[in-house]
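> Starting off with a structure, shown below.
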Amino acid sequence: MNSASVRGSWGSRIGFIFAVAGSAVGLANIWRFPYLVGKHGGAAFIFVYILSLLLIGFPVFIAEILIGRATQTSPSGAFEKLGRSKIWSWPGKMTVLTGFIVSSFYSAVAGWIFGYFIEAVKGNLSSFASTEAVALHHTSLMQNPLWGVSFHFFFILICSTVLYLGVRGGIERWNKFLMPLLFVVLILLVLKGLTLPNAQDGLRFLFSPDWSLLTPAVLLTALGQAFFTLSVGQGTMVTYGSYLSKEENIVKSCVPILLMDTFVSIIAAMVIFTIAFSAGVEPSSGPALLFHTLPWVLSQIPGGYLMSVLFFLIVVLAALTSEISAMEPTIAYLIDEKGWNRHLAVWACGIGAFLLGIPSALSYSLLKNTTFFGLPFVDFIESICGHILIPAGGFFALILLLGRWGVWNALSELKVGSHEFFKRYPWILSYFWFCFKVSAPILMAIIFLNSLLMFF
């Protein structure tokens with residue numbers, strides 16, 4: 001048998017931790033979380049967010065890891081095996097499709113960020129004389145179709161090359177390099193940010209709780225961020241879990257991932273707030289933060305060139321590790337269900353994601369006058385995934401665990417390879433029983449219904 005067709009497996013616990021943390025740490029940690037914290041009560045939002053992580057984000061994440069580890073196959077086969085019916089393979093296939101669609105538009109957005117990293121290296125993001133100049137530069141880049149498609153191509157080529165090298169030689173090895181690099185750069189940025197004028201004002205604004213801002217809508221926002229931050233609902237965690245050995249202690253391997261993801265979000269918020277407040281600017285949301293606010297602020301502060309290079313480097317690193325994880329479920333499906341060798345599966349996935357992502361890459365150039373339900377193509381596709389497909393994937397994983405596999409069977413799988421651990425900490429089983437039976441299903445239903453209402 002060709003070695004490329006053999007299913008992958010993790011070579012070490014640290015490799016698994018860095019790979020899964022790389023999947024969880026993405027663009028939302030760097031640009032969305034800081035904005036949400038600042039807008040919705042600072043430390044008060046962080047408290048509710050962490051509580052939501054413990055009640056739904058982490059339990060659903062563990063549920064998907066368990067489904068993968070128990071079945072040792074792709075999401076399609078995993079759902080069919082535990083659901084004991086071919087009908088159950090379809091929700092598994094849907095999560096694979098979701099990951100593939102996410103990888104297409106995510107690569108287009110990451111391509112823009114990759115392009116901005118090159119702009120930062122060239123010194124074009126730290127020498128603006130006015131906000132109008134920032135906007136003009138952004139528009140000139142985004143309206144150039146060749147710029148958008150080229151960086152989309154190069155980004156997905158890099159990801160495909162890593163995936164081509166396999167689970168251990170590609171995903172694991174590169175995440176063991178990329179994730180520590182991301183942490184080092186983040187620490188350098190936050191240390192530099194703390195030396196800037198008015199940095200303390202930024203930290204005060206970030207960490208001072210304002211409980212009056214915690215409305216029901218804000219609670220739903222925190223709930224949604226906690227659910228989406230760990231890359232559940234898109235086949236990734238089931239696939240990555242399927243590469244785990246039966247001897248692995250899942251809890252001890254996954255708690256560091258939760259801590260890393262939360263650490264990056266909070267440190268990124270500290271970086272954003274210290275930089276923004278040093279120039280007297282409150283950080284704005286999403287693309288405006290990366291492409292408008294930060295280039296202007298970095299042009300006003302000491303060391304702006306170095307900070308621009310480092311900042312866009314961490315965003316590219318976060319996007320790279322997340323894109324790799326979004327592509328892997330499709331590759332695992334083609335290997336497990338279709339019998340393809342890994343190399344063919346990787347290039348098929350890479351070419352497919354590139355072609356599907358071209359309209360997203362052209363959303364603000366050739367397709368700028370084409371909208372879907374009033375949204376540019378890339379925002380429309382993101383909305384379908386974020387409001388329908390990803391919540392549905394998480395919802396089906398919970399239904400599978402509760403209705404077909406059974407909570408006690410899932411907990412028995414959790415204990416495999418960890419019996420002595422659970423003898424010392426029996427309360428952990430009670431925690432997961434409560435989350436699987438009570439908190440996660442209720443909160444998952446709320447997220448799913450809220451997402452559908454937001455979309456329609």
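> Give me the accessible area per residue for the chain, probe 1.4 Å, as a whole number in Å².
Here the residues of the chain average 38 Å² of exposed surface.
> In addition: Note the full-extension length gain between F207 and W347 as 0.36 nm times their separation in residues minus their Cα-Cα distance, in nm to one decimal.
45.9 nm
> In whole angstrom, how far apart do the alpha carbon centroids of the stretch 106-145 and the stretch 240-282 sit?
26
> Need the C-alpha centroid separation for the stretch 406-442 versus the stretch 191-218, integer Å.
36
> HN-Hα J couplings of the stretch 169-175 from phi, Karplus 6.51/-1.76/1.60, θ = phi - 60°, integer Hz, Gly and Pro as x?
Karplus values, whole Hz, x for Gly and Pro: x, x, 4, 5, 4, 6, 5.
> Mind running the shape call on the stretch 26-139? Use the C-alpha gyration tensor, a ≥ b ≥ c as the square roots of the eigenvalues: rounded below 1.5 for a/c, prolate if a/b tops b/c, oblate otherwise.
Oblate.
> Would you mind calculating the relative contact order of the chain from Cα pairs under 8 angstrom and at least 6 residues apart, reporting the percent as a whole number?
This gives 35 percent for the chain.
> May I pose another question? Along Cα→Cβ, 7 Å out, is where each label goes; now give me the distance between the ones at L188 and V255 in nm to one decimal.
3.2
> Then there's this: If you roll a 1.4 angstrom probe over the protein chains with everything in place, what fraction of the accessible area of the stretch 350-431 belongs to carbon and sulfur, to the nearest %?
Here carbon and sulfur together make up 67 percent of the probe-accessible area.
> A further question on this structure: Need the full-extension length gain, F47 to F372, defined as separation in residues times 0.36 nm minus the C-alpha distance. One decimal, nm.
113.3 nm
> Please work out the C-alpha center-to-center distance from the stretch 34-69 to the stretch 73-104 and express it in whole Å.
Going from one Cα centre to the other spans 24 Å.
> If you don't mind, there's one more thing I want to ask. Find me the longest stretch of the chain that has none of the exposed trypsin sites (Lys or Arg not before Pro), where exposed means in a DSSP loop (not H, G, I, E or B) with at most 16 other Cβ atoms within 10 Å.
123-245
> What does the charge dipole of the chain about its Cα centre add up to, to the nearest 20 debye, if the Cβ of each Lys and Arg holds +1 and the Cβ of each Asp and Glu holds -1?
So the dipole magnitude of the chain works out to roughly 1000 debye.
> Roll a 1.4 angstrom probe over the protein heavy atoms and tell me the percent of accessible area of the stretch 190-305 that is carbon or sulfur.
Accessible surface attributable to carbon and sulfur in the stretch 190-305 totals 66 percent.
> Which percent of the accessible heavy-atom area of the stretch 33-125 goes to carbon and sulfur, probe 1.4 angstrom?
Of the solvent-accessible surface of the stretch 33-125, carbon and sulfur hold 73 percent.
The values are calculated or read from the model by the stated rules, or taken from the named source; none is laboratory data. Computed from a prediction, not measured in an experiment: that's the story for all the values here. Positions of Cβ are generated from backbone atoms using ideal geometry, with glycine treated the same way; all protein chains shown enter the neighbour counts. For the accessible areas, the whole protein counts, side chains as well, though only heavy atoms, and no ligand, DNA or RNA atoms are used. Shrake-Rupley method; radii C 1.70, N 1.55, O 1.52, S 1.80 Å.
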